[in-house]
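Just so it is clear, none of the values below were taken in a lab; they were calculated from the coordinates. All figures in this text were calculated on a predicted structure; none of them were measured in a lab. All Cβ positions, even for glycine, are placed from backbone atoms using ideal geometry, and neighbour counts span all protein chains on display.
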Amino acid sequence: MAGQVTAKERMLKSIRKALIEKRENPYPELDPTPLYKDCLRENEIMFAEELTNVNGQFFYCQDKLSLIEGLVDLIEKAGWQHIAVNEQPLISLLDEFEFPYLTGAHALETADVGITLCESLVARNGSILISTGMQSGRRLMIFPSVHIVIANASQLVSDIKDGLAAIKLKYLSKLPSSITLITGPSRTADIEKTLVLGAHGPKELYVFYLEGEEI
């Protein structure tokens, strides 16, 4: 029935209400527009600008609470219904705030959105470094039409070589079989030289950058 509120919408509204009750805005007069260009360090600013240049979207999050608030806002505005998550740190975070999600292999069948972690964020070209060593696997980053990456500030590196060095240090002698660099949403211009997003993977890419805490 038109105008009927779904169970999903009720749940998201409940989360929003709980978040508001947990933390009132101490500066209600201030403009809420993120001013990350004025407050982030050079690499952070570079990454945000380069990601935007390749049609990705950057969200600065001061803590886990603001991260969940941002996710709720984005999902409500976009109207996404099925959010898939497979990595335990993310599952624990979403469970903490009673955030609805799907998990397991069956989640890919209906997922609108895949939420994953990453290996590194590369400031120089606004790219995301991922590998098959990650718990989420590659399918969650390819099949849903929307890919949301949640990254800690400690994962930001200047160049690709720095990201590869971090992977070598993390996995030591057991390097992942595949290491991939994601630069913006999937796109191609092979058909009549017209740029098409989402041709071979997600058509939308969002990065939530967590500054104040670690996941």
- Item | Lysine pairs in segment 68-215 with Cα atoms under 20 Å, if 8 or more residues apart or on separate chains | 4
- Message: 5 Å is the cut-off here: which amide hydrogens, built 1.01 Å from N in the peptide plane, fall below it relative to H82, excluding neighbours closer than 5 in sequence?
- Response: D112, V113
- Query: What ³J(HN,Hα) values, in whole Hz, does the Karplus curve 6.51 cos²θ - 1.76 cosθ + 1.60 give for segment 79-90 when θ = phi - 60°, with x put for Gly and Pro?
  - Reply: x, 5, 10, 10, 10, 9, 9, 10, 9, 4, x, 6
- Note on the structure: Checked against the positive end of the charge dipole of segment 68-215 (+1 on Cβ of Lys and Arg, -1 on Cβ of Asp and Glu, about the Cα centre), the farthest of L210, L175, V72 is L175
- Message: With a cut-off of 8 Å between alpha carbons and a minimum separation of six or more residues, what is the relative contact order of segment 68-215 in percent?
- Response: 23
- Task: Calculate one ³J(HN,Hα) per residue across segment 62-75 by plugging θ = phi - 60° into the Karplus curve 6.51 cos²θ - 1.76 cosθ + 1.60, and present them in order as whole Hz with x for glycine and proline.
- Result: 6, 7, 5, 5, 5, 5, 5, 4, x, 5, 4, 4, 5, 5
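Which net charge results when you count Lys and Arg as +1 and Asp and Glu as -1 among the other residues whose beta-carbon is under 13 Å from that of A123? Let's see the in-between values first.
Details: positive: R41, R124, K161; negative: E42, E44, E49, E50, D159, D162.
Counting the neighbours of A123, the net charge comes to -3.
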- Message: Treating only the Cβ of Lys, Arg, Asp and Glu as charged (+1, +1, -1, -1), what charge dipole size does segment 68-215 show about its Cα centre? Round to the nearest 20 debye.
- Response: 820
